[in-house]
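Peer 1: Following this message is one structure expressed as structure tokens.
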Amino acid sequence: MLDLTKIVFGNIMTQEIIGSEPSISEIKIRFEKEFQILIKNLESISKQDLENILEQQKISQKHVNTRPGAMALNQSKIEMFNDYNNKYLKKINEKFTTF
């Protein structure tokens, strides 16, 4: 069973990505806001915490992209999640080079 209340990106839950609400324009604003907060939080993070975040984001990506086939889903929001999550993963990996 897919946990719809699982937080997968900042404060964004699975249900917001695969559900009908919020609208695509609203979720785009939320993704951008959360992305900026997440990037800022990377500035003063330990290597161990960074490793944990990297692992959690990979788990979140798998969680969002592994769903029952019968679910009617908003693919554009899932694609948007993947785009923002990939940008975040890239920033995390860039941060590793500073340690």
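Peer 1: Here is the link list: Lys28/Lys77; Lys28/Lys58; Lys58/Lys90. Which ones come out longer than 18 Å on Cα distance?
Peer 2: Working: Lys28/Lys77 8 Å; Lys28/Lys58 20 Å; Lys58/Lys90 12 Å.
Table pairs above 18 Å Cα-Cα are Lys28/Lys58.
Peer 1: Shape of region 7-96 from its Cα gyration tensor (a ≥ b ≥ c, root eigenvalues): rounded if a/c is under 1.5, otherwise prolate when a/b > b/c, or oblate? Don't skip to the answer; put the middle values down first.
Peer 2: On the way: a/c = 2.62, a/b = 1.67, b/c = 1.56.
Prolate is the answer for region 7-96, as a/c is 1.5 or above and a/b outweighs b/c.
Every number in this text was worked out from the coordinates using simple rules, so none of it is lab data. Note that the coordinates shown come from a computational prediction; the quantities given were computed from them, not determined experimentally.
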